[in-house]
1. Excluding F158 itself, what net charge comes from residues whose Cβ is under 13 Å from its Cβ, given Lys and Arg +1 and Asp and Glu -1?
2. Hey, can you grab everything whose amide H is under 5 Å from the amide H of Y80? Only 5+ residues off in sequence or another chain; H modelled, so Pro and N-termini drop out.
3. Return the single residue from K47, K25, K69 with maximal mean-square fluctuation; model: Gaussian network over the chain, springs between Cα atoms under 10 Å.
4. Can you put Y15, Y157 in order of Cβ neighbours within 10 angstrom, beginning with the fewest?
5. Testing the spin-label approximation: label points 7 Å from Cα along Cα→Cβ at Q172 and T66. State their distance in nm.
6. What percentage of all Cα-Cα pairs in the stretch 98-190 are separated by more than 22 Å?
7. So if I take the centroid of the Cα atoms in the stretch 84-126 and the same for the stretch 59-74, what is the distance between those two points in Å?
8. Can you compute the charge dipole magnitude of the stretch 2-123 about its Cα centre, using +1 on each Lys and Arg Cβ and -1 on each Asp and Glu Cβ, nothing else charged? Give it in debye, rounded to the nearest 20.
Amino acid sequence: MTKINTNFEQSLTSYFPNIDPDDLKTIVSFFKPEILKKNDFFLKSGKKSTKLSFIKSGLLRIFCDTEKKEITQWISTQGYFVADLSSFMSDIPARWDIQALTDTELYTINRDDYEKLQNRITRWHILEKAFIIHCFTTMETRIHNHLSMTAEERYVYFFNENPQLFNQVPLQYIASMLGMTSETFSRIRNKIATGNS
């Protein structure tokens with residue numbers, strides 16, 4: 001467990017830059033190991049998100065059902081946090097379903113313990129701000145790419161960043177996440193694979 005916690009601590013430093021080592025250990029102490037089996041739900045839409053988790057291993061899909069189709073918002077992978085952040089922070093019903101695509105190992109903190117951190121860590125308001133900024137910067141980058149790139153550019157960018165996912169998850173989920181139909185996705189994939197312009 002010590003080795004795992006050390007790795008977890010190292011990962012957290014990207015979310016909490018310049019954090020005091022003792023504060024980091026305090027934060028880590030509030031996270032508990034959690035296991036999700038493949039197809040288990042981490043969260044269902046309409047329910048309030050009561051936990052925030054760091055993915056040690058595995059894949060989770062964030063998605064929602066609309067009247068016309070199912071939309072995949074993101075595939076969360078090892079080394080990232082997962083939650084419906086608006087629900088977790090604001091105590092409102094979640095808009096997203098979050099489901100394990102594989103057996104998944106997490107480090108999880110519940111909302112009650114998360115709120116206790118402000119009383120345990122003097123600089124928590126600064127650290128929490130840095131964490132939220134990190135999360136929203138990541139989201140803004142995704143939105144910018146989605147709006148500014150062509151479908152093919154989005155495909156190439158995502159493939160270069162996450163090549164392993166193309167062999168690990170159903171491709172229709174990736175197509176949905178990239179804002180394209182399965183047919184467009186397949187056409188681009190075949191075009192790139194054959195080297196046709």
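We did not get these values from a lab; they are worked out from the coordinates using the rules stated. What you see is a predicted model; the values in this text were computed from it and never measured. Neighbour counts are summed over all protein chains in view; Cβ atoms, including those assigned to glycine, are modelled from backbone coordinates with ideal geometry.
1. Working: positive: R142, R154, R189; negative: E152, E153, E161.
Taking every other residue near F158 into account, the sum is 0.
2. Here I55 satisfy the definition.
3. Maximum among the listed residues: K69.
4. Working: Y15 18, Y157 13.
Taking fewest neighbouring Cβ atoms as first place, the list is Y157, Y15.
5. 1.7
6. Details: 2113 of 4278 pairs.
Value for the stretch 98-190 (Cα pairs over 22 Å): 49 percent.
7. If we compute the Cα centre of each part, the gap is 20 Å.
8. Values: 18 positive and 17 negative charges, 31 e Å.
Computed charge dipole of the stretch 2-123: roughly 140 debye.
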